[in-house]
Amino acid sequence: MGRYVNPGNEGFKEILKSNYIDKTELISYVNESIGTTNKLICVSRPRRFGKSFAVQMLTSYYSCGCDSRALFEGLDISFDPSFEEHLNAYHVVRLDMTSVAYHANHGSIPQKAAEFIQEDIREEFPNLSIGTSLESTLAAVVESTGRQFIFVIDEWDAVFRMYKEDTSI
C-alpha cells in the first residue's frame with residue numbers, strides 16, 4: 001500500500017465513523033462512465049463541500065490495494081448492479097495536488113507528480129521492469145497485472161491558488 005498508488009481505505013473508514021451522509025451514488029455515475037468516452041469526470045464544488053471525502057470514498061471503492069466490501073455494505077452503491085464488477089478492481093492513483101505543488105517548483109509540478117507515482121510503483125512492484133516515463137511505467141503495470149488505473153485527483157486547483165500571481169503558468 002503506497003502513498004499515491006493503491007493507498008487503501010483508512011481515510012474512508014475514518015469518515016464512516018463520523019456523521020456520514022451517504023453519497024455513494026456518485027460511484028454509480030463513475031461506474032457508468034468507465035470504458036466510455038465520458039471517462040474523464042471533474043467534480044467541482046465550492047470549498048468545504050465534501051470533495052476530499054468523495055476522493056477518499058472513490059479511492060476506497062476502486063483500489064485493489066484493499067478490501068472495502070464491508071465498508072460499502074448497506075450503502076446505496078451496494079444495491080447497484082455495478083457494485084461487484086468494480087469493487088476493488090483497479091489500481092488507483094490518488095494525488096493531492098496541494099502536496100505535489102508544495103514539493104515542486106511551479107514549472108515542475110507534472111514532473112514531480114510523475115516522480116511520486118513512479119516511486120510508489122517501484123516499491124509496490126519491485127520485480128517489475130518499468131520504463132523511464134510515467135506512461136511506460138503505467139503500461140507495464142497494466143500489462144503485468146491486467147488491471148487498469150483510475151486516477152483520483154484532489155485539490156486540482158491548488159496550483160492556481162498557490163501561484164495565482166504567476167502569469168507564466
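Here are some notes:
- Peptides 34-43, 14-23 ranked from most to least packed, by the mean per-residue count of other Cβ atoms within 10 Å: 14-23, 34-43.
- Across region 93-101, computed HN-Hα scalar couplings (Karplus, 6.51 cos²θ - 1.76 cosθ + 1.60, θ = phi - 60°) run 10, 10, 10, 9, 5, 4, 5, 4, 5 Hz from first to last residue, x flagging Gly and Pro.
- Computed helical MRE - 222 nm, the chain, DSSP H runs ≥ 4 contributing -39500 (n - 2.57), nearest 500: -12000 deg cm²/dmol
- Amide proton proximity set for D154, modelled H, under 5 Å, gap of 5+: L95, D96, M97
- The stretch between T36 and R3, if pulled fully straight at 0.36 nm per residue, gains 9.1 nm over its current Cα-Cα span.
- Taking the charge dipole of region 10-157 about its Cα centre, with +1 at Lys and Arg Cβ atoms and -1 at Asp and Glu Cβ atoms, the residue from A89, T132, C64 reaching farthest to the positive side is T132.
- Distance between region 71-87 and region 4-34 - C-alpha centres, whole angstrom: 11 Å
- For region 67-80, 3J(HN,Hα) per residue [Karplus equation, 6.51 cos²θ - 1.76 cosθ + 1.60, θ = phi - 60°, Hz, x = Gly/Pro]: 10, 10, 3, 5, 5, 9, 4, x, 7, 3, 4, 5, 9, 7
Read the figures in this text as sums done on the coordinates, not as results from a lab. Remember, predicted model here, so these are calculated numbers, not experimental data. Counting neighbours? That spans all protein chains shown, and the Cβs are built from the backbone with ideal geometry, glycine included.
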